[in-house]
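Chemist: If you scroll down you'll find the structure; I have some questions about it.
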Amino acid sequence: MSSRLRILVPVKRVIDYAIKPRINKAQTGIETKGVKFSINPFCDIALEESIRIREKTPEAVESIHAVSIGPLKAQDILRVALAKGADTSTLVETKEEEIVEPLQVAKLLQKVVEKKNSNLVVLGKQAIDDDSNQTGQMLAGLLNWPQATNASKVEVEGDEVYVTREIDGGGEVLKAKLPMVITVDLRLNEPRYASLQNIMKAKKKPLEKIKPQDLGVDQIDSRLEILKVEEPPARHAGVRVENVDQLVAKLKELKVI
Ligand code: AMP
């Protein structure tokens, strides 16, 4: 029996990928004041893929719901998601200064999956701020659903999903039955831009704001403590050599060969 897809796309608000991050004075993290934030690029790819699945097989998709866990300002990226093609959205609002670790995100997402009766969750393979690459895997574990990570191709056939993953030396094709969790890789697709008309229309689409408590999660516990964040060591200027002999001599001098 084939079930229609109720797709959940978790999207994270992160510092825009084009911005060179600066470390704050206290060396506890990245300076966020006056910095542009955007939708995490991998989440954008996850959203794009969900929209393409609907464009390819409209009858197969019942709904696309975007969810973000973050401060009130994360509404902005949900509006972008709605403008691009999500039908509805939820903001699980956390405190501005609160760092929500992947396990906590996964636990909150599990509740959203239950609430929305989702049967396919498409996430980014990683968030470019913490580079954790953990949330999708943990969510699949909590839900006890099959997972396919780092997808470079996704094909839905009824209640079966074929996912190609990029692995060393080739592609691996996995097949799983719904419900399932997919995390997406960079080469899966190129996300569209939202048109001005759709940005205007998205203002009328549903954006529900709830708190973690509304999902039965009273406290966001951290298991990790960030001790220090440092700039990478400055790179020294390079030296130009004229030929291979000089290159070999230089490398010997530097004792790297
Ligand atoms: P990470 O495990 O932190 O590298 O994140 C992987 C993916 O999990 C992201 O691309 C998002 O799809 C999802 N995710 C992580 N954090 C959040 C968040 N705060 N809100 C919504 N989705 C998130």
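The values are calculated or read from the model by the stated rules, or taken from the named source; none is laboratory data. Owing to the predicted nature of the structure, the values given are computational and were not obtained by experimental measurement. Every residue, glycine as well, gets a Cβ built from its backbone with ideal geometry; the counts of neighbours run over all protein chains shown.
Chemist: Name the single residue, out of those in segment 8-29 being within 13 Å of the ligand (Cβ to nearest atom) and in a loop (DSSP other than H, G, I, E, B), that is farthest from residue 64 (Cα to Cα).
Modeler: Residue satisfying both the conditions and the ranking: 17.
Chemist: Being within 13 Å of the ligand (Cβ to nearest atom), modelled with pLDDT of 95 or more and within 21 Å of residue 41 (Cα to Cα), is that true of even one residue in segment 150-160?
Modeler: Scanning segment 150-160, I find at least one residue that is within 13 Å of the ligand (Cβ to nearest atom), modelled with pLDDT of 95 or more and within 21 Å of residue 41 (Cα to Cα), so the answer is yes.
Chemist: Of all residues in segment 200-221, count the ones that are at pLDDT below 95 and on the phi < 0 side of the Ramachandran plot.
Modeler: Count: 5.
Chemist: Which of the numbered conditions does residue 115 fail, given that it passes all the others? Conditions: (1) of a type in the set (Lys, Arg); (2) under 21 Å from residue 90 (Cα atoms); (3) surrounded by 17 or more Cβ atoms within 10 Å (Cβ to Cβ).
Modeler: Unmet for residue 115, out of (1) of a type in the set (Lys, Arg); (2) under 21 Å from residue 90 (Cα atoms); (3) surrounded by 17 or more Cβ atoms within 10 Å (Cβ to Cβ): (3).
Chemist: Moving on. How many residues does segment 107-132 contain that are farther than 19 Å from residue 48 by Cα and within 11 Å of the ligand (Cβ to nearest atom)?
Modeler: So the count comes out to 7.
Chemist: Would you mind stating whether residue 80 is of a type in the set (A, V, I, L, M, F, W, C), farther than 22 Å from residue 134 by Cβ and more than 16 Å from the ligand (Cβ to nearest atom)?
Modeler: no
To keep it simple, each residue is scored yes or no on (1) crowded, with 20+ Cβ neighbours inside 10 Å; (2) more than 16 Å from the chain's Cα centre (by Cα).
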residue	(1), (2)
57	no, yes
63	no, yes
81	yes, no
88	no, yes
92	yes, no
101	no, no
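Chemist: Next question, about the same structure. Report the residue count in segment 17-55 for those that are exposed (fewer than 15 other Cβ atoms within 10 Å of the Cβ) and within 16 Å of residue 78 (Cα to Cα).
Modeler: Going through segment 17-55 one residue at a time, the tally reaches 1.
Chemist: Then there's this: Quick one: which strands (runs of 3 or more DSSP E) lie wholly within segment 143-209 and hold at least 1 residues that are surrounded by fewer than 18 Cβ atoms within 10 Å (Cβ to Cβ)?
Modeler: Per the criteria, 147-157, 160-167, 170-177.
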